[in-house]
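Peer 1: Have a look at the structure that comes next, please.
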Amino acid sequence: LDVANLALEDKWILSKYNSLVADVTDNLEKFELGLAVQKLYDFIWDIFCDWYIEIAKIRLNGDNEEGKKTAKAVLVYVMSNTLKLLHPFMPFITEEIWLALPHDGESIMISEWCKYDEALNFPVEEEAMNRVMSAIKAIRNRRSEMNVPPSKKAKLYIATKYIDDFTNGSVFMNRLASASEIEIGSEFEVEGSVSVITESAKIYIPLNELVDFEAEKARLLKELDAAK
């Protein structure tokens, strides 16, 4: 992997993977099999599948060939090596998947075990991604509470002191937080808006972009009539 070409999300997933290697190796050496399996499960589903693969699709479907190449390289690197960590628990399926990926050697069974690499430790990028991900989760929760479908886009005003982090992560928010447009600054005053607060940002969403007031009024009147 060429570290110089890695994007924010690439450094984040590689840093999370690197920590996983250290943790799972330590658990296996102590025969803490249950802990090792749980950490693998959480990483594969909650981090790699739910977040990185979805974010990587932005570059994979884009026009930047260098970006596509880097995203593919990181996907293969993390996937193939995570399969090695999972192999002691699921030997047959991991072998089949590993052989279908670009690989070195004849079998995952005799491949080199993963090792923690200090060069893949990116704590600053991890923190930056955590801030953006927390904002995305909070926005999605608020939209869900208001029964706003993901297909309905809305502008986001993000007030934060971490302007660079949210500027770099704005492309993820467009895709994963249903944003039509994003404005980032140190503070905003947005009348008639819904606010979403996280540890690192205060996000305003104009209410008229989330709710069709006439349609909502008609729905409530219909429910009122039915209740009489």
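Peer 1: Taking helices (runs of 4 or more DSSP H) that do not extend beyond the stretch 55-157, which have at least 1 residues that are touching a residue at least 40 places away in the same chain (Cβ under 8 Å) and buried (at least 18 other Cβ atoms within 10 Å of the Cβ)?
Peer 2: The helices (runs of 4 or more DSSP H) meeting that bar are 65-86, 123-145.
Peer 1: Given the criterion in contact with a Leu (Cβ under 9 Å, 6 or more places away or on another chain) and over 30 Å from Asp212 (Cβ atoms), identify the matching residue among Glu54, Glu125, Glu112, Glu66.
Peer 2: None of the others qualify; the one that does is Glu125.
Peer 1: Can you name the residue in the stretch 187-211 that is open to solvent by 90 Å² or more (accessible area, probe 1.4 Å) and assigned to a loop (DSSP other than H, G, I, E, B) and, of all such residues, is farthest from Asp164 (Cα to Cα)?
Peer 2: Going through the qualifying residues, I end up with Glu191.
Peer 1: Specify the residue that is surrounded by the fewest Cβ atoms within 10 Å (Cβ to Cβ); the eligible residues are those in the stretch 1-20 that are of a type in the set (D, E, K, R) and within 19 Å of Glu54 (Cα to Cα).
Peer 2: Lys16
Peer 1: Tell me whether the stretch 172-185 contains one or more residues that are more than 19 Å from the chain's Cα centre (by Cα), part of a helix (DSSP H, G or I) and not β-branched (Val, Ile, Thr).
Peer 2: No, the stretch 172-185 contains no residue that is more than 19 Å from the chain's Cα centre (by Cα), part of a helix (DSSP H, G or I) and not β-branched (Val, Ile, Thr).
Peer 1: For the stretch 37-54, which residues satisfy the criterion of being hydrophobic (A, V, I, L, M, F, W, C) and open to solvent by less than 30 Å² (accessible area, probe 1.4 Å)?
Peer 2: Correct list: Leu40, Phe43, Phe48, Trp51.
The values are calculated or read from the model by the stated rules, or taken from the named source; none is laboratory data. Quick caveat, the model's predicted, so the values are computed rather than measured. Heads up, the Cβs are rebuilt from the backbone with ideal geometry, glycines too, and the neighbour counts pull from every protein chain shown. In case anyone asks, the SASA skips ligands and DNA or RNA and just uses the protein heavy atoms, side chains included. Shrake-Rupley method; radii C 1.70, N 1.55, O 1.52, S 1.80 Å.
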